[in-house]
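What follows is a single structure, written as structure tokens, with notes after it.
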């Protein structure tokens, strides 16, 4: 039984590594299929002239023939015909590798190295780390699995915990909420139950306290950590903020991912929320949260200047290798911004543009000419 379990863990690790390598070299049509999943089923057709303009634009500036599928997503929501939008398939296949050193992204995206990479940074409090199959406490001191289980049980006495992969946890993949009442046997938390949860992860994961967010963000939706997506770009030494979006949960789920039923809402430069938020159906935006009734328009995100400042400061630390970063940040009870995740290898661009318009705006042609053809 133990041998079978060990083989399963090895298979999971190897499969993950093969998937990453295959994804890096996939043909364009594969990226189109991924983009299609994000767009969902849209009963919307682009005007023929707009389609011609899109194909002409990318043929001229990148020398490639592109799908117009991703443009339907933006056009269905906003009824605009702007060629400056950059759908996920085009961005991932033709632009991202020119902007970011993707061979370094896996290491720099590891949540277990954030405190090493950005000393003094605020993050959700770590209880246990698993790095390459070995256990460490929050201060990177090696511990046994038995001690790791004990630390988790101690933390569960007063808090819910979240366990997630330290690498490649995008879109909420394999993220688990650990509630103490779900692990109890005879009125006490079972060591076997905790051990079973950990066995569901092979290696390279982190166990953290469920982050206590600012009261205002809790009023928006109290069941998830509602994060602030801040997209930054190194424009030849000038770290620019390209997009600002509030991502929030819905339907009593604990994740803020739109792909899992959550919502997204644009944030103005002054921290004020836009009128509309978008769910999976971009043709039916809402003005208030469907579950809590919270009205979006005009509400100001607390301490938003500090959030933007943190995003730009973090980017300066790694801009030598990564020109484009999608940061997921949070605001704590005390108003301090915290880093939740740095998206370097798969910085989704659809939600950002859905809420804030084309990534590079009127600078799109200049940026494309600078990047060069594939």
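List of remarks:
- Rounded to 0.05, the FRET efficiency of the residue 141 and residue 192 pair, given R0 = 25 Å and the Cβ-Cβ distance, is 0.50.
- Calculated FRET value between residue 154 and residue 181, using beta carbons and R₀ = 22 Å, to 0.05: 0.85
- Ordered by the count of other Cβ atoms within 10 Å of each Cβ, fewest first, 327, 58, 29 give 29, 58, 327.
- Legend: ranking of residues 289, 142, 78 from fewest to most surrounding C-beta atoms inside 10 Å; resulting order 142, 78, 289.
- Under 13 Å from the residue 57 label point (7 Å along Cα→beta-carbon), backbone N, segment 207-243: none
- Rounded to 10°, Cα long-axis angle of helix 28-39 versus longest principal axis of the chain: 70
- Isotropically averaged projected area of segment 126-209, using the convex hull of Cα atoms (one quarter of hull area), nm²: 5.1
- Subtracting the Cα-Cα distance of residue 251 and residue 313 from 0.36 nm times their residue separation leaves 18.9 nm of extension gain.
- Full extension of the segment from residue 297 to residue 236, taken as 0.36 nm per residue of separation minus the current Cα-Cα distance, would add 18.5 nm.
- With a Förster radius of 41 Å applied to the beta-carbon distance between residue 44 and residue 104, the computed FRET efficiency rounds to 0.60.
- Compared with the dominant Cα axis of the chain, that is its longest principal axis, helix 48-61 is turned about 80°.
- Over the chain, DSSP H runs of length four or greater, each weighted -39,500 (n - 2.57), average out per residue to a 222 nm ellipticity of -10500 deg cm²/dmol.
Quick note: the coordinates plus some simple rules give every number you see, no bench work behind them. Keep in mind that this is a model prediction, so the values were computed, not measured. Note that each Cβ is placed from the backbone with ideal geometry, even for glycine, and that neighbours are counted across all protein chains shown.
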